[in-house]
1. Hey, what angle do you get for helix 131-140 against the long axis of the chain, alpha-carbon based, 0 to 90 degrees rounded to 10?
2. Can you work out ³J(HN,Hα) from phi for every residue in the range 49-60, in order, using Karplus 6.51 cos²θ - 1.76 cosθ + 1.60 and θ = phi - 60°, giving whole Hz and x for Gly and Pro?
3. Quick check on the chain: helices-only [θ] at 222 nm, where DSSP H runs of length 4 and up contribute -39,500 (n - 2.57) each and the sum goes over total residues. Nearest 500, please.
4. Please turn the phi angles of the range 118-129 into ³J(HN,Hα) values with the Karplus equation 6.51 cos²θ - 1.76 cosθ + 1.60 (θ = phi - 60°), one per residue in order, whole Hz, x for glycine and proline.
5. Just in the range 126-170: which trypsin sites (Lys or Arg not before Pro) are loop by DSSP and have at most 11 other Cβ atoms within 10 Å?
6. Could you tell me the extents of the chain's C-alpha atoms along the three principal axes, largest first, rounded to whole Å?
7. Residue by residue through the range 156-164, which ³J(HN,Hα) values in whole Hz follow from phi under the Karplus form 6.51 cos²θ - 1.76 cosθ + 1.60 (θ = phi - 60°), with glycine and proline marked x?
8. Tally Lys and Arg at +1 and Asp and Glu at -1 over the other residues with C-beta under 12 Å from the C-beta of V88: what net charge comes out?
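Here, each number is a calculation from the coordinates, and none is a lab measurement. Worth saying up front: this structure is predicted, and the values here are computed from it rather than measured. Cβ: placed from backbone, ideal geometry, glycine included. Neighbour counts: every protein chain shown.
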Amino acid sequence: MGTVTLGVSIAVPEPYGSFLQKRREGFGDPHAHGIPTHVTLLPPTEVDASSLPAIEEHLAGVAALGRPFRMRLSGTGTFRPLSPVVYVNVVEGASSCAWLQKRVRDASGPVARELQFPYHPHVTIAHGIAEEAMDRAFEELSEFEAAWTINGFALYEQGADGVWRLEREYPFADGEDGDAASAVPRQPGATRPPAASR
């Protein structure tokens, strides 16, 4: 069956998602058109296609333990010089993102993996482009603000054309659309994610 490249993330909703994607394109990032605006929970990971059912079951189990939380974005940051990335800061909801990504990457699960850098939730707005363009991204979005409630996350697959496409959404069991995940039994004694202040 071959391999596929997957990612798990929290989508940034409209109108913010399209706005930030267009700004990323405007800064000259050639990959911006193929990457929906998001907060990563599992970075690009190559897996055997045959493992997809187990991965989907695992993600449904993680979602069944989740609960809605508030996310707020504010201002910009950068990983330079360690990594050529400029991003919008996650200033509320970061602890819940960390809880989710840790369980997605659980050592006993089907997508267990180590990270190259410590997990730091963010929304990328420029990656691997000229320093001048990254400086511009950092400055021009320094006053960006957005806030909304997170009700789940999603699985994406990268196509041969480099474009990331939505494969399946995983609403939290306690969310408004929780029925899709609530069929997965809660694990006895499982710790809940921290609730962000509303």
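1. The helix 131-140 is inclined about 80 degrees to the chain.
2. 4, 5, 8, 4, x, 5, 5, 5, 5, 4, 5, 4
3. So the calculated ellipticity at 222 nm is -7500 deg cm²/dmol.
4. Whole-Hz 3J(HN,Hα) from phi for the range 118-129: x, 5, 9, x, 6, 10, 5, 10, 7, 8, x, 10.
5. Nothing satisfies the criteria.
6. 51, 44, 28
7. 10, 10, 8, x, 4, 8, x, 8, 8
8. 0
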